[in-house]
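Down below is the structure, laid out as structure tokens.
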Amino acid sequence: MQLVIDVDDPWADDVRSLLDRHLGFAHEESPPEHVHALPPDRLVDPAVTFFSARRDGELLGVGALKQLDASHGEVKSMHTSAPARGQGIARAMLDHLLSMAWSRGYERVSLETGGTDAFAPARTLYESVGFVRCEPFADYTVNEFSVCMTLIYRSSGQEPTKAPQLCP
């Protein structure tokens with residue numbers, strides 16, 4: 001049973017259900033002004049490419065890549081269904097999103113994730129592939145509920161490299 005990661009429709013019933021759980025979790029952990037998870041209507045924006053991870057048609061996880069500018073992408077809406085956690089779904093999705101980013105010529109990929117203990121597994125995953133904490137980017141702000149992270153692709157185009165601790 002092979003895991004298939006492909007572009008998907010955030011309005012599909014099973015996807016919408018998983019996104020509802022993702023948004024619910026975000027709202028449980030952060031006040032509304034610091035919830036940056038995207039609902040389906042924002043995941044169909046032309047700057048966003050939305051993906052699902054499925055095995056035998058069963059939805060196991062989602063993730064998106066948003067273009068911030070020609071050289072900078074953002075990981076959005078990463079979420080794995082509860083029964084599928086611990087099976088490498090999130091890592092596979094993150095690897096896929098980074099592969100897409102590098103193939104598009106992005107020199108940098110950033111993300112915002114939660115700052116509470118409930119988001120520690122996500123931060124650990126991101127750190128495991130080289131993301132480091134950075135200053136807020138785009139419209140994010142410094143606050144206890146948000147952690148911004150970034151990964152910079154080597155100019156040689158060979159491999160990602162860790163970014164400086166504070167990013168512009």
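The values are calculated or read from the model by the stated rules, or taken from the named source; none is laboratory data. In this text the structure is predicted, and so the values were computed from the model without any measurement. Glycine also receives a Cβ, built like all others from the backbone with ideal geometry; neighbour counts cover every protein chain displayed. Surface accessibility is based on the protein's heavy atoms, side chains included, excluding ligands, DNA and RNA. Shrake-Rupley method; radii C 1.70, N 1.55, O 1.52, S 1.80 Å.
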So I89 clears everything in (1) in contact (Cβ under 8 Å) with a residue 60 or more places away in the chain; (2) within 16 Å of the chain's Cα centre (by Cα); (3) open to solvent by 50 Å² or more (accessible area, probe 1.4 Å) except one condition, right? Which one? (3)
Are there any pairs with C-beta distances below 6 angstrom linking a residue in the stretch 1-13 that is over 18 Å from L65 (Cβ atoms) and without any contact (Cβ under 8 Å) to a residue 60 or more places away in the chain to a residue that is assigned to a loop (DSSP other than H, G, I, E, B) and among the charged types (D, E, K, R), with the two at least 6 apart or on different chains, and if so which? M1/D56
Are any of the residues in the stretch 143-151 of a type in the set (G, A, S) and either part of a loop (DSSP other than H, G, I, E, B) or free of Cβ contacts under 8 Å to residues at least 12 places away in the same chain (or both)? no
Quick count over the stretch 8-37, residues being open to solvent by less than 20 Å² (accessible area, probe 1.4 Å), outside any loop (DSSP other than H, G, I, E, B) and within 18 Å of A53 (Cα to Cα), is 3
